[in-house]
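> Below you will find the structure I want to go over with you.
The values are calculated or read from the model by the stated rules, or taken from the named source; none is laboratory data. Since we're looking at a predicted model, the values are computed, not measured. Glycine gets a Cβ as well: all are built from the backbone with ideal geometry, and neighbour counts include every protein chain shown.
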Amino acid sequence: MRLDKPAGTIYLFFPCLFSTLLAAPLAAPMASPLSVLGTGALFFSGALIMRGAGCSINDLWDRDLDPKVARTRLRPVARGALTPSRALAWTGAQLLAGLAVLLQFPPACLYYGVPSLALVAAYPLAKRVTYYPQFVLGLTFSWGAMMGFPALGVDLLAADAAALRTAAALLYASNVAWTVLYDMIYAHMDIRDDAKAGIKSIALKHDAETKKVLTGLAVVQIGLLAGAGVATGAGPAFFVGGCGGAALTLGYMIKKVNLKSVKDCWWWFVNGCWITGGAISLGLGTDYLIQYLADDDELTSNEAKVRADSR
């Protein structure tokens with residue numbers, strides 16, 4: 001499960017957290033902080049398990065490629081410490097555990113969650129046929145950007161939910177751009193070995209103009225994120241803290257990262273999730289709490305008015 005390298009789990013968890021915080025003020029009644037925390041904890045459990053399952057599937061597909069890359073040659077299946085049949089059994093156990101977590105959510109989440117398995121299985125094949133496997137990874141890792149809505153009882157399929165569907169789609173697309181961005185930096189760690197092994201990546205395709213591509217991805221990510229906020233009627237805290245914070249942290253990372261240094265790429269990959277993901281979460285969380293407190297004050301005021309009128 002690569003518990004010693006939690007960055008992948010955190011990157012998988014953040015889209016779930018973003019959608020939960022974005023959906024919380026839209027639930028009827030508005031989701032309580034305790035409900036948001038409980039939903040977030042379930043999502044983290046699911047991210048931990050499904051990241052492990054994804055790694056297992058990836059290792060099975062790549063067992064002939066991993067020995068050719070220095071960073072991956074010591075993985076259990078690649079070095080022969082674990083047979084493919086046992087790895088397959090372990091993958092099945094992880095998927096069952098993931099299903100057990102998914103069943104703790106409202107039933108609608110099952111219909112949103114299960115289709116993502118097709119992308120989980122397909123991603124390892126993408127690097128064999130396209131220079132843009134990071135895009136497929138983005139589609140996979142960003143799936144949680146839609147899950148927070150049904151998890152809190154917000155029906156994206158309702159006839160009057162066009163704005164919510166737009167918000168979910170924009171948030172999902174924003175996370176896809178973010179995934180491609182951080183995984184492009186990650187791919188630079190293996191760029192020489194990948195070229196020798198015939199493994200395709202966006203880093204190989206755009207090696208000479210990587211920072212320009214990263215900048216473009218950051219602009220797209222933040223623009224789509226802001227669009228999701230507009231669609232849901234988010235307040236200034238989201239745009240200043242979430243979008244502004246993401247712009248500052250991404251801009252600084254793109255400027256500072258040394259793409260020729262494996263150590264530096266790894267540092268920014270590991271810490272970038274906390275820096276940028278934390279900024280977005282802070283903006284979303286602050287905006288939610290402001291709306292929650294305002295709603296609570298309004299409810300208290302209305303109750304007081306009803307009591308006064310009944311006298």
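> If only one of Val114, Val129, Val120 is closer than 19 Å to Phe43 by Cα and surrounded by fewer than 13 Cβ atoms within 10 Å (Cβ to Cβ), which one is it?
Val114
> With hydrophobic (A, V, I, L, M, F, W, C) and at pLDDT below 95 as the only criterion, which of Ala81, Ala41 stands out?
Step by step, each of Ala81, Ala41 is checked, and only Ala81 is hydrophobic (A, V, I, L, M, F, W, C) and at pLDDT below 95.
> For the stretch 235-270, name all the residues that are in a helix (DSSP H, G or I) and either in contact with a Lys or Arg (Cβ under 7 Å, 6 or more places away or on another chain) or β-branched (Val, Ile, Thr) (or both).
Answer for the stretch 235-270, where residues must be in a helix (DSSP H, G or I) and either in contact with a Lys or Arg (Cβ under 7 Å, 6 or more places away or on another chain) or β-branched (Val, Ile, Thr) (or both): Val240, Thr249, Ile254, Val262, Val270.
> Continuing with this model, one more query. Considering only the stretch 196-209, how many residues are more than 17 Å from Asp64 (Cβ to Cβ) and not β-branched (Val, Ile, Thr)? Steps first, please.
Initial filter on the stretch 196-209 (more than 17 Å from Asp64 (Cβ to Cβ)): 201-209.
Subset that is not β-branched (Val, Ile, Thr): 201, 203-209.
Number of matching residues: 8.
Table: residues versus (1) hydroxyl-bearing (Ser, Thr, Tyr); (2) touching a helix residue (DSSP H, G or I) at 6+ places or on another chain (Cβ under 6 Å); (3) under 21 Å from Thr39 (Cβ atoms).
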site: Pro115; (1), (2), (3): no, no, yes
site: Ala122; (1), (2), (3): no, no, no
site: Tyr132; (1), (2), (3): yes, yes, no
site: Val136; (1), (2), (3): no, yes, no
site: Leu157; (1), (2), (3): no, no, yes
site: Ala168; (1), (2), (3): no, yes, yes
site: Asp193; (1), (2), (3): no, no, no
site: Gly198; (1), (2), (3): no, no, no
site: Ala203; (1), (2), (3): no, yes, no
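> Can you tell me which residue in the stretch 70-104 is surrounded by the most Cβ atoms within 10 Å (Cβ to Cβ), limited to those that are part of a loop (DSSP other than H, G, I, E, B) and under 24 Å from the mean Cα position of the chain (by Cα)?
Thr72
> Take the stretch 34-69 and flag every residue that is in contact (Cβ under 8 Å) with a residue 60 or more places away in the chain and outside any helix (DSSP H, G or I).
Asp62, Leu65, Val69
> Might you check whether a residue that is under 17 Å from the mean Cα position of the chain (by Cα), small (Gly, Ala, Ser), within 23 Å of Leu181 (Cα to Cα) and at pLDDT 95 or above occurs anywhere in the stretch 112-125?
no
Let's see how each residue does on (1) among the hydrophobic types (A, V, I, L, M, F, W, C); (2) on the phi > 0 side of the Ramachandran plot; (3) modelled with pLDDT of 90 or more:
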residue: Pro33; (1), (2), (3): no, no, yes
residue: Ser45; (1), (2), (3): no, no, yes
residue: Leu48; (1), (2), (3): yes, no, yes
residue: Arg51; (1), (2), (3): no, no, yes
residue: Asp62; (1), (2), (3): no, no, no
residue: Pro76; (1), (2), (3): no, no, no
residue: Gln94; (1), (2), (3): no, no, yes
residue: Leu102; (1), (2), (3): yes, no, yes
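> Please work out which residue is nearest to Cys16 (Cα to Cα), limiting yourself to the stretch 165-208 and to residues that are in a helix (DSSP H, G or I) and of a type in the set (Ser, Thr, Tyr). Reasoning before the result, please.
Taking the stretch 165-208 and keeping what is in a helix (DSSP H, G or I), we get 165-197, 202-205, 207-208.
Subsequent filtering for residues that are of a type in the set (Ser, Thr, Tyr) retains 166, 172, 174, 179, 182, 186.
On the way: Thr166: 17, Tyr172: 10, Ser174: 13, Thr179: 14, Tyr182: 17, Tyr186: 22 Å.
That would be Tyr172.
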